[in-house]
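The values are calculated or read from the model by the stated rules, or taken from the named source; none is laboratory data. Values in this document were obtained by computation on a predicted structure and should not be read as measured data. For neighbour counting, all protein chains shown are included, and Cβ atoms are generated from backbone atoms with ideal geometry for every residue, glycine included.
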Amino acid sequence: MPVSPDGGARFAKILADLYSDAAAHLIGLVSNRLAAGIDQRGWAEQKLSDTLRLRRDAQRFVATLGDEVDANLYDLLADAYSSGVLAAGGPGVAEAAPGIVAANRGAVQAYAAELAGTVKSTHTRMLRSAEDIYQRVIADVAGQVVTGVQTRREVAAKAVSRLAGAGVRGFTDRAGRNWELSSYVEMATRTTAGQAHVQGGLDRYTQTGRDLVIVSDAPEECEKCRPFEGRVLSLSGREPTAEEVKGHRYAGTLREARSRGFMHPNCRHALAGFTPGLTKPPARDTADPEGDKLRQEQRALERGVRDAKRKVAGAAPFGDTEELRAAQALVRLRQFKLRAFVGEHDRKRLPYRETLGAR
Ligand SMILES: [Zn+2]
């Protein structure tokens, strides 16, 4: 079985879910604090003077989140690495895998440390966002003439819901793109777990003496990788003889290909061991811009569902409000649209992309 950066995707779900839940939990924490005593006089003053308590709650929660990340990342990346070893296969791979993982513990640790640094770098902004929402809602409610208890609830629910729906933003990747919290975590995990997966596969190829690999022809392909589709690459840099690659085209070393963008994050191209005289060329010409467009449309619809779900989480602590009913209706509408889209285009639905916050 071939190895691909896409092999990191299923590991990304675990951390994206963790951070989705965390974002929703933080919104809930803010909303619950705001909703407490909302019927009472002097609510705004009381809430402002409680800001420190909110901060402490949020800090405690985020510290726990960080501990959870630290406790689990090595195992997660060891799994990703090991899945690459298994995917590369060869006789006795199941028995050999634990040994290869142990021998490369340092590499796995380095992936884990890098990823832990990236995902935990979001914590400061998460905390700031929680406190910011808390204070903006107080200001919003205090700044409006409210005529009764129900009205104050309505105004607060609306304000939290609006801010919650936008998510925690402002995370930028190396390409300068802006991400929402759990999409950012998902992207970072997918990237690093994908690297670990591929590295596991390459280490296995090397261990079994296979130096040549062949690039798959990915459906819905990425442009950067097209020049390498169906080509043979060398892991060590030893150039194969014409006889070895007969009927195939050699495109240099994997290292060179990577430096030209091949196997970028989210890449769905895969590497399989190449056996001279036995490996057949993969089918050609599969450029599929339509598929890429559909996938992006589906992601946008999934994002819409998650945004609406966060709005519900923000409004719910204020009881039965117009805002809560509107947010719940929005969730149903967007879920309906997503199901219709998936049904129409027969695309495999990825339930985890709809969970709170994940993007
Ligand atoms: Zn690619």
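Filter segment 134-153 for residues that are farther than 23 Å from Asp21 by Cα and buried (at least 21 other Cβ atoms within 10 Å of the Cβ); which is modelled with the highest pLDDT?
Out of the qualifying residues, it is Ile138.
Out of Val85, Val108, I need the residue that is farther than 21 Å from Leu15 by Cβ and surrounded by 19 or more Cβ atoms within 10 Å (Cβ to Cβ). Which one?
Just a single option satisfies the conditions, and that option is Val85.
Look through Arg258, Arg231, Arg190, Arg226 and report the one residue that is without any contact (Cβ under 8 Å) to a residue 12 or more places away in the chain and within 14 Å of the ligand (Cβ to nearest atom).
Arg258
Any residue in segment 10-31 that is within 16 Å of the ligand (Cβ to nearest atom) and in a helix (DSSP H, G or I)?
There is no residue in segment 10-31 that is within 16 Å of the ligand (Cβ to nearest atom) and in a helix (DSSP H, G or I).
Restricting the search to segment 261-273, which residues are in a loop (DSSP other than H, G, I, E, B), closer than 17 Å to Ile214 by Cβ and more than 7 Å from the ligand (Cβ to nearest atom)?
Across segment 261-273, the qualifying residue is only Ala270.
Filtering segment 32-43 down to residues that are aliphatic (A, V, I, L, M) and not in a helix (DSSP H, G or I), which residue is farthest from Ala193 (Cα to Cα)?
Across segment 32-43, the extreme among qualifying residues is Ile38.
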